[in-house]
Amino acid sequence: MKRDFLFAYYQTPRGKLLKELEVAYLQRSITVGCQQTILQIGGLGWENEFIDCSLYQYFSVLDAKHLGSFQAPKIQAKSYALPIQSDSIDMIIVPHLLEFDAARFQTFRELERVLKPEGILLVMNFNPWSFWVWYQFLLDKRLANSWRGHFISRSRLFDWLKLLNFEVRNKTEFYLDCTTIKNGSDALNSFSFTSTAYAVKAIKRRFNPIPMTEVKTFVPRLVAANPLAATVEHHD
């Protein structure tokens, strides 16, 4: 897992614009209470710009290299083997991590495991069809040499979410000067070639199967056609 491309991209003029849009998006999206647990997988270093760590005391950053804002509590661990209890996290934020993670699907399973039922998952990725991302990647050799990742399309991300029983609530596209949010079926069926990156908000659904009970064999009983007729006496 190597995210040097991400951090170098944030230093470019377009990357700085993307960062501003993502900060605003995360500020709007963090809607859980201050006493609920929020976990960010993959440190950025500027977490204090979108969350007040003194207010959200149960916010932590998990990163294999111990990256993240100095104000946020940190957990040094691998994303594909989270040292966290199952069904214990209310919200998970994954900012540009899966595309640099060689064990990304195992990481996805771990996210599902530790997230509470009805918990919120926020995933941010680069748009694999973005001209600007590929232009920056090919233009700057420094960025190209640091790339050890794999772009993830929205359709593939949606497939993973569906497989693990997540419900997509909305999708946000980040352009150079604005964001657009699409909900429901519009989020699933639309895509853009011009957005730089995208974010998906999903809810973990827990479907409890109804246990099958043993079916008892029904034995029919013979019943008189008119049982009341047998009690009626006829008098001449």
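What the table below lists for this structure:
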| read-out | value |
| --- | --- |
| Matching residues in region 57-106 - criterion: being in a loop (DSSP other than H, G, I, E, B), aromatic (Phe, Trp, Tyr) and touching a residue at least 24 places away in the same chain (Cβ under 8 Å) | 58, 80 |
| One residue from 86, 79 being touching a helix residue (DSSP H, G or I) at 6+ places or on another chain (Cβ under 8 Å) and within 27 Å of residue 195 (Cβ to Cβ) | 79 |
| All positions within region 159-195 that are of a type in the set (A, V, I, L, M, F, W, C) and either modelled with pLDDT of 85 or more or farther than 15 Å from residue 28 by Cα (or both) | 160, 161, 163, 164, 166, 168, 174, 176, 187, 188, 191, 193 |
| Hey, residue 6 aliphatic (A, V, I, L, M) and either without any contact (Cβ under 8 Å) to a residue 12 or more places away in the chain or in contact with a His (Cβ under 6 Å, 6 or more places away or on another chain) (or both) or not | yes |
| Residues of region 1-33 satisfying the condition of being more than 23 Å from residue 101 (Cβ to Cβ), over 19 Å from the mean Cα position of the chain (by Cα) and at pLDDT 90 or above | 16, 17, 20 |
| Residues satisfying the stated conditions in region 33-48, i.e. hydrophobic (A, V, I, L, M, F, W, C) and crowded, with 16+ Cβ neighbours inside 10 Å | 38, 39, 41, 44 |
| Filter result for residue 118 (surrounded by fewer than 17 Cβ atoms within 10 Å (Cβ to Cβ), of a type in the set (Asp, Glu) and modelled with pLDDT of 80 or more) | yes |
| Matching residues in region 151-167 - criterion: being of a type in the set (Phe, Trp, Tyr) and farther than 16 Å from residue 201 by Cβ | 151 |
| Test for residue 61: is it within 18 Å of residue 168 (Cα to Cα) and not hydroxyl-bearing (Ser, Thr, Tyr) | no |
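The values are calculated or read from the model by the stated rules, or taken from the named source; none is laboratory data. Here the structure is a predicted model, which means the values were calculated and not measured. In this analysis, Cβ positions are derived from the backbone assuming ideal geometry, glycine residues included, and neighbour counts consider all displayed protein chains.
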